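Here's the structure we're looking at; comments come further down.
The values are calculated or read from the model by the stated rules, or taken from the named source; none is laboratory data. In this text, all values refer to a predicted model and were calculated from it rather than measured experimentally. Here the Cβ is made from the backbone with ideal geometry for all residues, glycine too, and neighbour counts use every protein chain on show. Side chains included, ligands, DNA and RNA excluded: accessible areas come from the protein's heavy atoms. Shrake-Rupley method; radii C 1.70, N 1.55, O 1.52, S 1.80 Å.
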Amino acid sequence: LGFGLVPAWDKVEAYITNPRQGFSLEDLKFACEVRSVDGYTSVGKEYILSIPFRSGGKIKGFLFRSINPDTQPKYIVNKNLDRKTSFFNISTGYEAKTLIVMEGELDALTATSKGISGAVAIGGAYLSGERRAQICDAFNRNVQKITLCLDLDKDKDGNPDYAKRFNANRRSIISILDIKPDFKKLYVAEFPKPCDPDEFIREMGSESFLRILSSAKPWWQYLSDNITKF
């Protein structure tokens, strides 16, 4: 169960309980029970893509991502997996000290696979509350630049929900500056239509995504441009 596809849960059970593996179904349930209305058996049905969540070189647990873009939530995860203490995909040896903060783990992996450095995921819509630990961890690593590049969703009428994205970005900006008020290199990237980074890169290509990043606004300009609208 590394990064890859889970075609059906019964195949996972057969693989894990193979005598060569030496595990039981109880071991599997303990390791891979996930948050879902349908229970952990949703893995291999709607949720087919498995993503190991690593920290310090060890696997802390698994996320399972639906390959159907209309399925909500997009991810289901191990019940005991803590995703809020450090950014997903952040590297201890990362030298550029620049982070591109995205929502989903698949967003960060897709960007990284296209050679885009510093792509990390928060596993949520904004940086606030318990996820402040992720910010502290980043500053402890001497991160010097952060670009927020979070999903632009649709509203109930199918239009871009700019107000929701602005409010979430504003909360993230406040959380970051509350921890480090003198932090200057904080930017906000905006998508031209509802999508997430994974969808945008696959549809438009990495060069178009890099242009989105290069046009990111300083946090104060982003707030100034939008605060009277929402």
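Brief remarks follow.
- Residues of the stretch 84-131 satisfying the condition of being open to solvent by less than 40 Å² (accessible area, probe 1.4 Å) and aromatic (Phe, Trp, Tyr): 87, 88
- Complete set of residues in the stretch 203-230 that are of a type in the set (Phe, Trp, Tyr) and at positive phi: none
- Scan of the stretch 170-215 for residues that are open to solvent by less than 20 Å² (accessible area, probe 1.4 Å) and aromatic (Phe, Trp, Tyr), ordered by number: 183, 191, 200, 209
- Hits in the stretch 69-83 (condition: open to solvent by 60 Å² or more (accessible area, probe 1.4 Å), within 21 Å of residue 198 (Cβ to Cβ) and not acidic (Asp, Glu)): 69, 72, 73
- For first residues located in the stretch 68-85 and at pLDDT 80 or above, partners that are hydroxyl-bearing (Ser, Thr, Tyr) and part of a loop (DSSP other than H, G, I, E, B) and lie 6+ apart or on another chain with Cβ distances below 6 Å form the pairs 76/36.
- One residue alone among 150, 223 is under 21 Å from the mean Cα position of the chain (by Cα) and not β-branched (Val, Ile, Thr), and that residue is 150.
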